[in-house]
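A short worksheet on the structure shown next.
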Amino acid sequence: MQITGEMLIGGRAVRGSDKPLLAYNPSTDADIPAPVFGSGTVEDVVQACALAAAAFDAYRGLPLAVRASFLERIADGIAALGDALTERAHAETGLPKARLEGERARTVGQLRLFAQEVRQGLWLGATLDSALPERKPLPRADLRLQKIAVGPVAVFGASNFPLAFSVAGGDTAAALAAGCPVVVKAHGAHLGTSEMVGRVIQQAVKDMGLPEGVFSLIVGAGRTVGEALVAHPAIKAVGFTGSRAGGTALMQIAAQRPEPIPVYAEMSSINPVFLLPEALATRGAAIAQGFVDSLTLGAGQFCTNPGLVIAVDSPALAPFVAAAQTALAGKPAQTMLTAGIHAAYEQGARRLAETPGVQACAQGQPERGPNEACAALFVTDAKTFLAQHALEDEVFGPASTLVRCADEAELLAVAEHFAGQLTATIQMERDDLPAAKRLVTILERKAGRLLVNGFPTGVEVAHAMVHGGPFPATSDSRATSVGTSAIERFLRPVCYQDFPAELLPEALADANPLGLWRRRDGEVVRG
Ligand code: NAP
């Protein structure tokens with residue numbers, strides 16, 4: 001597939017007339033000279049949004065089987081791009097090819113899982129309450145509920161997942177599955193990869209004879225395109241993964257619209273890992289190896305990167321520290337996604353090193369090439385941590401801080417202290433159960449996913465996954481951005497009261513022609 005540098009607005013390929021952009025190779029610290037990407041204007045955003053609004057009713061009204069086939073066609077198209085896609089993504093992100101092959105499989109699998117979900121139709125939440133004409137003192141009407149798509153969705157691709165959380169990633173898959181047209185703002189850190197995947201979706205729209213506005217991809221330098229997209233009245237929800245500053249800026253724009261809309265922003269998390277005493281005593285060195293592997297995976301550029309380790313200070317902590325020092329010393333520096341992310345990492349690591357009461361504890365191998373991150377572990381005590389909120393700020397990359405606590409009470413105080421997280425992990429043995437129970441009561445209030453004896457990187461795409469959490473991990477703790485429940489963000493319930501059979505949606509018809517599981521007069525039945 002040839003990358004042309006054009007945007008995809010409905011069925012057309014359009015050269016953006018605003019500032020020209022070049023893709024960048026972080027491994028060589030050089031621009032990729034061709035093609036030049038033209039960035040879009042507000043007028044391009046307006047056109048994409050108008051097409052999305054025009055496509056909405058026809059798209060959401062498609063038979064579920066057709067919508068599911070559309071998702072599968074996109075999956076097939078991405079798989080068929082083969083090595084050309086991973087090679088381009090590798091050049092634009094510096095991420096290893098093997099990682100990108102895994103990410104492509106995840107992206108394809110995610111689309112196929114959403115296709116199954118669409119066919120099964122549980123997400124419709126079909127609910128029927130029969131009329132009670134004889135009820136005294138007042139009769140009850142016939143009430144039927146189903147969920148429908150909210151409308152066109154704006155998606156901001158993430159820099160750290162150029163496939164699985166970008167143009168055809170989790171947000172797009174969930175929105176298309178729900179019946180929402182999607183307008184994607186391409187991330188500047190992988191423009192060519194975005195175009196390749198965007199062209200696959202555009203082709204799938206065409207092949208299936210769907211309205212062209214079901215999908216558009218806009219390129220934009222600076223804030224103009226993103227701000228105009230969130231502000232456009234046709235857009236009814238936003239999916240975003242990136243920085244806290246970016247996410248909160250978009251939340252503000254969305255809240256100030258004449259019709260405010262939800263922004264599902266996944267922003268910053270430091271994913272605390274608690275090491276309980278018995279676990280440390282029995283397998284401290286093994287935990288250290290697992291922790292260092294998780295910390296350095298993908299140059300630490302994961303929203304679930306373990307940026308904080310908390311333990312009660314005792315002789316049992318020494319083997320953990322020694323093993324972490326050895327393991328980290330063996331980790332080579334790795335290329336980060338962009339020069340900006342690399343600079344932010346260096347600044348963040350320097351800030352940690354210069355914080356009074358914080359010391360360097362262990363280090364990875366030094367940088368050898370451009371934009372490489374050297375992994376680092378710092379150490380502090382609970383009193384310092386509790387006194388300085390800045391120690392809670394995400395340092396995006398392979399840096400973490402070990403917090404030594406005087407006793408269990410201080411460890412619980414640290415847990416109580418920190419803000420919302422995507423994950424919280426407990427390393428424990430049976431004898432740690434009483435302390436773990438006390439900890440879980442706190443952590444349930446703090447994080448979207450709680451793990452025992454694992455590490456937080458590696459987010460399964462599954463029905464039971466929660467990739468979310470209280471602010472600032474995300475903008476809405478009720479939602480997940482990974483797994484099939486992610487579809488809920490782009491749905492809203494509608495109740496049909498006393499509708500004649502001919503006017504009812506298929507999902508709510510008496511005969512249940514779609515064969516759905518439904519809640520009927522309080523009972524969950526397939527009927
Ligand atoms: P970012 O700067 O937040 O950008 C993400 C996307 O949002 C880009 O397309 C960007 O457009 C757009 N955007 C950001 N602020 C905007 C605004 N005020 N108005 C309109 N559009 C806006 O994130 P990034 O470039 O991917 O990474 C930078 C930092 O984000 C990292 O250092 C890290 O701290 C954090 N990050 C966190 C996660 C996570 O999963 N928690 C993932 C990735 C990054 P432009 O590029 O055109 O400005």
Review point. Taking the stated definitions as given, is Thr224 of a type in the set (Val, Ile, Thr), out of contact with any helix residue (DSSP H, G or I) (no Cβ under 8 Å at 6 or more places or on another chain) and within 16 Å of the ligand (Cβ to nearest atom)?
Key: no
Practice item. May I ask you to list the residues in region 477-525 that are without any contact (Cβ under 8 Å) to a residue 12 or more places away in the chain, open to solvent by 70 Å² or more (accessible area, probe 1.4 Å) and part of a loop (DSSP other than H, G, I, E, B)? Key: Arg478, Asp510, Ala511, Pro513
Revision key, fill the gap. Those residues of region 291-337 that are within 30 Å of Ala164 (Cβ to Cβ), hydrophobic (A, V, I, L, M, F, W, C) and open to solvent by less than 30 Å² (accessible area, probe 1.4 Å) come to a total of 15
**Study point:** Count of region 348-385 residues which are more than 26 Å from Asn25 (Cβ to Cβ) and open to solvent by 60 Å² or more (accessible area, probe 1.4 Å)
**Key:** 8
Practice item. Tell me which residues, restricted to region 12-27, are within 26 Å of Ala54 (Cα to Cα) and open to solvent by less than 50 Å² (accessible area, probe 1.4 Å). Key: Ala13, Val14, Gly16
Practice item. Could you tell me whether any residue of region 315-334 is within 16 Å of the ligand (Cβ to nearest atom) and more than 25 Å from Ala279 (Cβ to Cβ)? Key: yes
Review point. If you check every pair at least six apart or on different chains, which have Cβ atoms under 8 Å apart with a residue in region 329-355 that is in the same structural domain as Ala288 (by TED's automatic domain parsing) and closer than 25 Å to Thr380 by Cβ first and a residue that is within 13 Å of the ligand (Cβ to nearest atom) and aromatic (Phe, Trp, Tyr) second?
Key: Met336/Tyr345; Ile341/Phe396; Ala344/Phe396; Tyr345/Phe396; Gly348/Phe396
Review point. Do we have any residue at all in region 88-99 that's farther than 27 Å from Ala50 by Cβ, surrounded by fewer than 18 Cβ atoms within 10 Å (Cβ to Cβ) and within 19 Å of the chain's Cα centre (by Cα)?
Key: yes
Review point. Among Gly109, Gly157, Gly102, which is the only one that is buried (at least 20 other Cβ atoms within 10 Å of the Cβ) and in the same structural domain as Thr484 (by TED's automatic domain parsing)?
Key: Gly157
**Study point:** Filter pass, Ile270 being closer than 23 Å to Ala168 by Cα and in contact (Cβ under 8 Å) with a residue 60 or more places away in the chain
**Key:** no
Practice item. Read through the list (1) within 25 Å of Val42 (Cβ to Cβ); (2) more than 9 Å from the ligand (Cβ to nearest atom); (3) in contact (Cβ under 8 Å) with a residue 60 or more places away in the chain; (4) more than 19 Å from the chain's Cα centre (by Cα), then give the number of the only condition that Ala231 fails. Key: (3)
Check your understanding: Here are some conditions: (1) among the small types (Gly, Ala, Ser); (2) open to solvent by 20 Å² or more (accessible area, probe 1.4 Å); (3) assigned by TED's automatic domain parsing to the domain that holds Ala50; (4) more than 11 Å from the ligand (Cβ to nearest atom). Ala281 meets all but one. Which one does it not meet?
Key -> (3)
Study note, to complete from the structure: When region 412-457 is checked residue by residue, the ones that are polar (S, T, N, Q) and closer than 17 Å to Gly290 by Cβ are Thr423, Thr425, Gln427, Asn453, Thr457
Review point. Among all residue pairs at least 6 apart or on different chains, which show Cβ distances below 9 Å where the first residue, located in region 201-218, is closer than 17 Å to Val46 by Cβ and the second is of a type in the set (Lys, Arg)?
Key: Glu212/Arg12; Glu212/Lys206; Leu217/Lys185; Leu217/Arg199; Ile218/Lys185
Study note, to complete from the structure: Flagged in region 109-162 as away from the ligand (no atom under 16 Å from the Cβ) and under 30 Å from Ile341 (Cα atoms), in numbering order, are Gly109, Gln110, Leu111
Exercise for review: Return yes when Thr282 is β-branched (Val, Ile, Thr) and under 18 Å from the mean Cα position of the chain (by Cα) and no when it is not.
Suggested key: no
Check your understanding: Within region 206-224, which residues are at pLDDT 95 or above and β-branched (Val, Ile, Thr)?
Key -> Val214, Ile218, Val219
Study note, to complete from the structure: Quick count over region 446-459, residues being modelled with pLDDT of 95 or more, part of a loop (DSSP other than H, G, I, E, B) and either open to solvent by 40 Å² or more (accessible area, probe 1.4 Å) or among the polar types (S, T, N, Q) (or both), is 3
Review point. Which pairs have Cβ atoms under 6 Å, sit 6 or more apart or on different chains, and link a residue in region 42-59 that is more than 15 Å from Val182 (Cβ to Cβ) to one that is at pLDDT below 95?
Key: none
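The values are calculated or read from the model by the stated rules, or taken from the named source; none is laboratory data. Just so you know, these numbers come straight off a predicted model, no measurement behind them. Positions of Cβ are backbone-derived with ideal geometry, glycine not excepted, and every protein chain shown enters the neighbour counts. The protein model used for the area step is the full one, side chains on, heavy atoms only, and it has no ligands, DNA or RNA in it. Shrake-Rupley method; radii C 1.70, N 1.55, O 1.52, S 1.80 Å.
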